[in-house]
Amino acid sequence: MKPLGEPEIRKSFVNCSKGEAKGLTLPARAVEIPWPELEFLGWRDPKAASRAYVVLWHEDEVVGLSLRAADQPTSRLKSGMCGFCGTVHGLADLSLFSSRRAGQSGKDGNTLGTYLCANLQCCRYLRGKLQPDAIQPAEHLTVDERIARMETKLHRFVTQVLETR
């Protein structure tokens, strides 16, 4: 991912107010973020556990999404799969995130949701820098192929958030 500065990150958000974007807590100083190892920057807000953010380059523009994490499910299922990277996690490490749609649709209350790694560290799981607790399905894809698959899913999600209906 091409490096971004704090002003670019804050200005990128398409589904929250300028005031919300200005007040959000960044994951680290921009110079400390390992940009070459990321396809997107994702983090949970340490001051508000239900808030999360994703920032990425999408069609040559920086797009930031404000997300909300749902309460942990009380399902009998024991594991689930991230909708971006395909990593299998126990339910404690997987969250349902919803994103207000951009524009009037979002102001009208329309959202889009998906299950993701609760810590939003998909890029690190794909590169083997983090190991999930759950047993992973056998795959014969290279790391680059897995990253390409995640990017396809990620950009599809962003496109759906940006759609005006």
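The values are calculated or read from the model by the stated rules, or taken from the named source; none is laboratory data. These numbers come from a predicted model, not from an experiment. Glycine also receives a Cβ, built like all others from the backbone with ideal geometry; neighbour counts cover every protein chain displayed.
Quick look at the values:
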| read-out | value |
| --- | --- |
| Number of the exception - Ser105 against (1) surrounded by fewer than 18 Cβ atoms within 10 Å (Cβ to Cβ); (2) of a type in the set (Ser, Thr, Tyr); (3) touching a residue at least 60 places away in the same chain (Cβ under 8 Å) | (1) |
| Answer from Gly80, Gly64, Gly19, Gly90 - the residue that is more than 17 Å from Gln160 (Cβ to Cβ) and either in contact with a helix residue (DSSP H, G or I) (Cβ under 7 Å, 6 or more places away or on another chain) or of a type in the set (S, T, N, Q) (or both) | Gly80 |
| Some residue of the stretch 22-34 being touching a helix residue (DSSP H, G or I) at 6+ places or on another chain (Cβ under 7 Å), at pLDDT 95 or above, surrounded by 12 or more Cβ atoms within 10 Å (Cβ to Cβ) and not aromatic (Phe, Trp, Tyr) | no |
| The lone exception for Thr87 - which of (1) over 20 Å from Gly42 (Cβ atoms); (2) at pLDDT 95 or above; (3) of a type in the set (S, T, N, Q) it fails | (1) |
| Filtered residues of the stretch 37-58 (kept if touching a residue at least 40 places away in the same chain (Cβ under 8 Å) and part of a loop (DSSP other than H, G, I, E, B)) | Leu38, Glu39, Phe40 |
| Any hit, the stretch 144-161, residues being acidic (Asp, Glu) and at pLDDT below 95 | no |
| Failed item in (1) in a loop (DSSP other than H, G, I, E, B); (2) touching a residue at least 24 places away in the same chain (Cβ under 8 Å), with Ala28 passing the rest | (2) |
